[in-house]
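The values are calculated or read from the model by the stated rules, or taken from the named source; none is laboratory data. Computed from a predicted structure; not experimentally measured. All Cβ positions, glycine included, derive from the backbone under ideal geometry; neighbour counts span all protein chains shown. To get the accessible areas, we keep the full protein, side chains included, count just its heavy atoms, and leave off ligands, DNA and RNA. Shrake-Rupley method; radii C 1.70, N 1.55, O 1.52, S 1.80 Å.
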Amino acid sequence: MEQTFIMIKPDGVQRGLIGEIICRFEKKGFTLKGLKLMSVERAFAEKHYEDLSAKPFFGGLVEYIISGPVVAMVWEGKGVVATGRKLIGATNPLASEPGTIRGDFAIDIGRNVIHGSDSVASASKEIALWFPDGTVNWQSTVHPWIYE
Ligand code: DAT
Ligand code: MG
């Protein structure tokens, strides 16, 4: 089954949005396979965002990610990468639809509350980076009520 990496950024943690965000992924029917609250070092944040290292906002982005604890998660389900991105909303919160996490809870692009993998390939890279010891192998008993 497909998995994605989701991270609640420091602003989401500080603003008390952890429960709300987890709730949206849970209610959709996705399954939580990994979860940890952690602070990351600069080098780790740079590694996570290495594809953006040439961008002018890279320095500020890294400062933001290391500015406080984040919640790292692995969510599993059919189409979870693309649908997770839909739940999250557009990168710029002012362009995100209401009903999405960024659309409902954020304004500035540099304080957009949450990260989600953009492809199955980057999800597996990010899960390996953030969960080097693996995730939890379990299946929800409601699985047959969500999938036919
Ligand atoms: P996303 O997080 O939607 O996958 P991304 O991978 O292109 O977006 O960029 C990673 C983060 O970098 C994004 O969540 C916010 C920040 N960012 C992206 N584009 C930016 C820009 N033009 N100015 C400032 N920050 C930006
Ligand atoms: Mg991205």
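Checking every residue in segment 77-93 against the condition of being over 20 Å from E2 (Cβ atoms), out of contact with any strand residue (DSSP E or B) (no Cβ under 7 Å at 6 or more places or on another chain), more than 13 Å from ligand 1 (Cβ to nearest atom) and of a type outside the set (K, R) gives zero matches.
Entry remark, segment 69-97: residues being assigned to a strand (DSSP E or B) and crowded, with 21+ Cβ neighbours inside 10 Å number 5 in total.
May I ask you to list the residues in segment 110-148 that are open to solvent by 30 Å² or more (accessible area, probe 1.4 Å), in a helix (DSSP H, G or I) and farther than 19 Å from I18 by Cα? Those that are open to solvent by 30 Å² or more (accessible area, probe 1.4 Å), in a helix (DSSP H, G or I) and farther than 19 Å from I18 by Cα: V120, A121, S124, K125, A128, L129, H143, P144, W145, I146. With respect to the stated conditions, S96 fails to be within 15 Å of ligand 2 (Cβ to nearest atom) and under 13 Å from the mean Cα position of the chain (by Cα). The residue that is nearest to ligand 1 (Cβ to nearest atom), among those in segment 31-68 that are open to solvent by less than 20 Å² (accessible area, probe 1.4 Å) and of a type in the set (G, A, S), is A45.
Has segment 124-144 got at least one residue that is of a type in the set (G, A, S), within 11 Å of ligand 1 (Cβ to nearest atom) and at pLDDT 95 or above?
No - not one qualifying residue is present in segment 124-144.
Checking each residue of segment 128-135 against the condition of being within 15 Å of ligand 2 (Cβ to nearest atom) and over 14 Å from M7 (Cα atoms) gives no match. The residue pairs whose first member lies in segment 43-64 and is closer than 20 Å to I6 by Cα, whose second member is more than 10 Å from ligand 1 (Cβ to nearest atom) and open to solvent by 30 Å² or more (accessible area, probe 1.4 Å), and whose beta carbons are closer than 6 Å, counting only pairs six or more residues apart or on different chains, are A45/I66; V62/E46.
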